[in-house]
Amino acid sequence: MTRLKVGLIGAGQRGHSIARQCAGEKSDQFELVGIHDVFRPRGEWLAGQCGGCAVYDSIDAVVGDPRVEAVFVATCDSQHVQPAVRALAAGKHVYCEKPLALTLEDCDAIIAAARASRAVFYMGLNLRWAPFAETAREVIDSGALGAIHTAHFSETYFEGRSYFRRWNRLRRFGGGLWVTKATHDFDNMRFLLGRNPVRVAGRSNLFHYKPDPRRGARCSQCDVAKECPDYWDWKADSDEKGKGFLWETSEQARGFPADICLYNSDKDTFDHGVAMLEFESGLLATYNLSVVCARTTRTLHVQGDRGELEGDLGRERLTFSERFTHARRTWDLRQQAAGAHHGADTRILEDFRRCVLESAAPRATGDDGRWAVRIGLAVRDSCDRDGEWVEV
């Protein structure tokens with residue numbers, strides 16, 4: 001089997017996941033040539049975790065290495081543009097994590113570079129590859145629902161509370177949760193419904209993780225740590241998950257401690273929000289996102305004039321109900337969904353390699369990435385304007 005030689009830019013949590021797959025379960029398909037991170041010790045640590053590979057001092061060193069055929073861009077969301085554009089200009093294939101960028105201008109810069117290059121540009125909207133989403137798309141495309149008029153999507157993410165001690169809490173790094181998180185779901189709506197929204201409205205609040213004078217600046221320096229359900233012993237957790245160095249060096253790499261208080265950290269995003277989307281056909285959809293929750297899942301409920309489809313990603317289950325006969329069919333997708341991100345990570349990496357080797361078109365392109373960002377920015381804008389409708 002031909003192994004695709006790749007360079008990784010960004011050695012944070014997502015880069016860690018990609019590198020471990022390329023050096024582990026996908027090692028027959030990929031060869032990890034080298035890693036670059038803005039904090040070199042973190043790149044060195046991850047290279048050691050993956051059995052050893054080159055550690056680069058710059059983006060240019062990665063894209064200038066003749067051994068590197070493709071580049072994984074897994075940096076902080078705000079830093080996607082330079083590595084993607086430089087890699088494409090050097091003729092390297094690019095896999096870019098979502099979101100594409102934080103502004104439409106930066107999205108356009110990456111798209112222009114992709115169009116000017118002969119290399120494959122692959123958008124890492126991995127939810128499209130989850131068996132749950134693929135099966136839902138097949139049911140909808142079959143016409144079983146008839147004309148779709150209403151849809152509801154939601155995401156509840158228990159570990160999303162950690163965003164308030166990570167860079168995701170600040171718009172300048174991640175665009176806010178409507179961009180850094182919800183782009184997955186806005187893209188999934190387009191993927192499943194097969195159409196684009198024309199206007200959106202949203203409301204969001206910081207309901208729970210608000211400043212609390214009883215608490216300290218960080219978990220390890222907090223008088224109420226023992227009674228706080230959000231207390232985090234980062235050293236014990238790091239040992240358990242094998243990510244000790246990532247957390248140990250987080251303060252040097254990111255400029256704030258790993259166990260910064262979820263409540264007292266500086267932040268400019270929300271912990272729960274609701275959006276309404278009106279699509280080209282008149283279809284109305286709602287979406288809610290919450291990180292103050294008991295269970296991690298995504299759900300959908302799509303209604304048409306012939307039937308409806310309900311699903312729960314956390315339980316890997318979809319159910320179709322026929323409108324007039326009330327006949328039901330259920331899909332249990334637990335076996336197909338093994339692996340990271342409900343089976344999506346394995347499938348998307350395999351497909352990236354296939355597209356490169358066969359010069360095939362990706363399932364998700366830069367234009368798809370731009371649409372997801374465009375919707376997220378519009379919803380964020382609406383929230384900033386007290387829920388006004390915003391044209392997309």
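The values are calculated or read from the model by the stated rules, or taken from the named source; none is laboratory data. Every value quoted in this text rests on a predicted model; they were computed, and no experiment measured them. Cβ: placed from backbone, ideal geometry, glycine included. Neighbour counts: every protein chain shown.
Taken over segment 55-92, the criterion of being in a loop (DSSP other than H, G, I, E, B) and over 20 Å from Thr2 (Cα atoms) is satisfied by Asp57, Ser58, Gly64, Ala74, Thr75, Cys76, His80, Ala90. Met1 meets each of the listed conditions (1) crowded, with 20+ Cβ neighbours inside 10 Å; (2) modelled with pLDDT under 95; (3) within 23 Å of Glu350 (Cβ to Cβ); (4) among the aliphatic types (A, V, I, L, M) apart from (1).
Pairing each residue of segment 140-161 that is within 15 Å of Phe191 (Cβ to Cβ) and modelled with pLDDT under 95 with any residue that is of a type in the set (Asp, Glu) and surrounded by 14 or more Cβ atoms within 10 Å (Cβ to Cβ), provided the two are 6+ apart or on different chains, yields no C-beta distance under 6 Å.
Residues checked against (1) over 14 Å from the mean Cα position of the chain (by Cα); (2) surrounded by fewer than 24 Cβ atoms within 10 Å (Cβ to Cβ); (3) within 19 Å of Arg298 (Cα to Cα):
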site	(1), (2), (3)
His152	yes, yes, yes
Tyr157	no, yes, yes
Ser162	yes, yes, yes
Arg171	yes, yes, no
Trp178	no, no, yes
Asp187	no, no, yes
Arg190	yes, yes, yes
Arg195	yes, yes, no
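The condition of being surrounded by fewer than 19 Cβ atoms within 10 Å (Cβ to Cβ), under 23 Å from Thr135 (Cβ atoms), touching a Phe, Trp or Tyr at 6+ places or on another chain (Cβ under 6 Å) and not aromatic (Phe, Trp, Tyr) holds for Thr296. Under the condition of being under 22 Å from Asp268 (Cβ atoms) and in contact with a helix residue (DSSP H, G or I) (Cβ under 6 Å, 6 or more places away or on another chain), which residue from segment 204-231 is modelled with the lowest pLDDT? If we take residues in segment 204-231 being under 22 Å from Asp268 (Cβ atoms) and in contact with a helix residue (DSSP H, G or I) (Cβ under 6 Å, 6 or more places away or on another chain), then Cys219 is modelled with the lowest pLDDT. Contact map, segment 76-91: first residue closer than 14 Å to Gly10 by Cβ, second residue buried (at least 19 other Cβ atoms within 10 Å of the Cβ) and of a type in the set (Ser, Thr, Tyr), Cβ cut-off under 8 Å, separation 6 or more or different chains; pairs are Asp77/Thr180; Pro83/Thr75. For segment 270-293, enumerate the residues that are over 19 Å from Gly160 (Cβ atoms) and crowded, with 18+ Cβ neighbours inside 10 Å. Selection gives Met276, Leu277, Phe279, Leu283, Ala285.
Considering only residues that are outside any helix (DSSP H, G or I) and within 23 Å of Ala378 (Cβ to Cβ), look in segment 99-139 and name the one that is farthest from the chain's Cα centre (by Cα). In this case the residue turns out to be Thr103.
Within segment 217-236, residues that are touching a residue at least 60 places away in the same chain (Cβ under 8 Å) have Cβ atoms under 9 Å from residues that are part of a loop (DSSP other than H, G, I, E, B) in these pairs: Asp230/Tyr209; Asp230/Cys261; Asp230/Leu262; Asp230/Tyr263; Trp232/Ala258; Trp232/Asp259; Trp232/Leu262, counting only partners at least 6 apart in sequence or on another chain. Taken together, the criteria place Ala19 among residues that are surrounded by 24 or more Cβ atoms within 10 Å (Cβ to Cβ), of a type in the set (A, V, I, L, M), out of contact with any Pro (no Cβ under 9 Å at 6 or more places or on another chain) and under 27 Å from Asn188 (Cβ atoms).
From the list Thr183, Thr135, the one residue that fits, being buried (at least 24 other Cβ atoms within 10 Å of the Cβ), on the phi < 0 side of the Ramachandran plot and at pLDDT 95 or above, is Thr183.
Looking only at segment 340-349, decide whether some residue is part of a strand (DSSP E or B) and outside the structural domain of Ala113 (by TED's automatic domain parsing). Even if it seems obvious, please write down each step before you answer.
Of segment 340-349, the ones part of a strand (DSSP E or B) are none.
Scanning segment 340-349 turns up no residue that is part of a strand (DSSP E or B) and outside the structural domain of Ala113 (by TED's automatic domain parsing).
For segment 201-227, filtering for residues that are among the polar types (S, T, N, Q), in a strand (DSSP E or B) and surrounded by 15 or more Cβ atoms within 10 Å (Cβ to Cβ) leaves 1. Checking segment 40-54 against the condition returns a match, with at least one residue being in a helix (DSSP H, G or I), polar (S, T, N, Q) and more than 22 Å from the chain's Cα centre (by Cα). Across segment 279-300, the qualifying residues are those that are under 15 Å from Leu192 (Cα atoms) and in a strand (DSSP E or B), and the one among them that is nearest to the chain's Cα centre (by Cα) is Arg298.
Consider segment 336-369 and keep the residues that are free of Cβ contacts under 8 Å to residues at least 40 places away in the same chain and out of contact with any helix residue (DSSP H, G or I) (no Cβ under 9 Å at 6 or more places or on another chain). The one that is surrounded by the most Cβ atoms within 10 Å (Cβ to Cβ) is Arg354. Residues that are over 14 Å from Ala74 (Cα atoms), touching a Gly at 6+ places or on another chain (Cβ under 7 Å) and modelled with pLDDT of 90 or more within segment 15-58 comprise Val33, Cys53, Ala54, Val55, Tyr56, listed in sequence order. Considering (1) assigned to a loop (DSSP other than H, G, I, E, B); (2) over 21 Å from the mean Cα position of the chain (by Cα); (3) in contact (Cβ under 8 Å) with a residue 60 or more places away in the chain, the lone condition that Asn264 does not fulfil carries the number (3).
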